[in-house]
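Below you'll find the structure, written out as structure tokens, and then a few comments.
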């Protein structure tokens, strides 16, 4: 069965420090991979996505992610975290193809930023 | 401005009452989705629709119903059969072939 695992429930980093949020997936075919961010009480905003091609993808707000097929991972990184990055981050796999398709989400990683 | 709107932002209902959550999009997207979000649980798919007058159950459809009479609208009804309806509900839409879902701002439903 398809699944997404985000091992870290909560991460705290200092402002200006680097960040890596982990995501592992289980999916039989080539996956469509996404990172979304959610501020409290808000909807989800797309940070970046990977469909094919270059395994390092750039997104909004200075985020990037790297697809590693051998490790079934799609980790999110940022070189220097800003206080406004504090939010819940979700990794998702798109199981598109044929007549059906939807997103399978991880349970999220809450990012806190220390001043 | 193009986007997805959900109304109301907050909704309170008494136990045993049905309630309908609105989702409208003006992005001309073909597919629309409803998710439920509970603390620490991520998002779980309730229903989705790829074309007008057709929809499929997701992973947690019991106690919910939907309709898709217009391309722009995909209302969700939370029925009295839903045992634990208090949650944050998110609507999303996607243009066919682009495989990227965009989300509305959500509705927080509290059943008293």
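Per-structure values
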| item | result |
| --- | --- |
| Selection within region B:75-104 - within 14 Å of another protein chain (Cβ to nearest Cβ) and more than 16 Å from residue B:44 (Cα to Cα) | B:94, B:95, B:96, B:97, B:98, B:99, B:100 |
| Test: residue A:74 is surrounded by 18 or more Cβ atoms within 10 Å (Cβ to Cβ) and either at negative phi or free of Cβ contacts under 8 Å to residues at least 60 places away in the same chain (or both) | yes |
| Matching residues in region B:23-37 - criterion: being in a loop (DSSP other than H, G, I, E, B) and either within 11 Å of chain A (Cβ to nearest Cβ) or farther than 14 Å from residue B:104 by Cβ (or both) | B:28, B:30 |
| Selection within region B:34-47 - modelled with pLDDT of 95 or more and farther than 18 Å from residue B:86 by Cβ | B:47 |
| Breaking point among (1) within 14 Å of another protein chain (Cβ to nearest Cβ); (2) closer than 23 Å to residue A:32 by Cβ; (3) over 11 Å from the mean Cα position of the chain (by Cα), for residue B:40 | (2) |
| Strands (runs of 3 or more DSSP E) enclosed by region A:1-96 - at least 3 residues per element that are in contact with a strand residue (DSSP E or B) (Cβ under 7 Å, 6 or more places away or on another chain) and within 14 Å of chain B (Cβ to nearest Cβ) | A:3-5, A:32-38, A:44-50, A:87-94 |
| Per-region count, region A:8-31, residues farther than 26 Å from residue A:115 by Cβ and within 12 Å of the chain's Cα centre (by Cα) | 3 |
| Candidates A:45, A:58, filtered to the one that is farther than 23 Å from residue A:112 by Cβ, at pLDDT 95 or above and surrounded by fewer than 16 Cβ atoms within 10 Å (Cβ to Cβ) | A:58 |
| Pick from region B:55-74, criterion in a strand (DSSP E or B) and within 15 Å of residue B:93 (Cα to Cα), ranking: nearest to the other protein chains (Cβ to nearest Cβ) | B:56 |
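The values are calculated or read from the model by the stated rules, or taken from the named source; none is laboratory data. From a predicted model like this one, the values you see are computed outputs, not experimental measurements. Neighbour counts run over all protein chains shown; Cβ positions are idealised from the backbone, glycine included.
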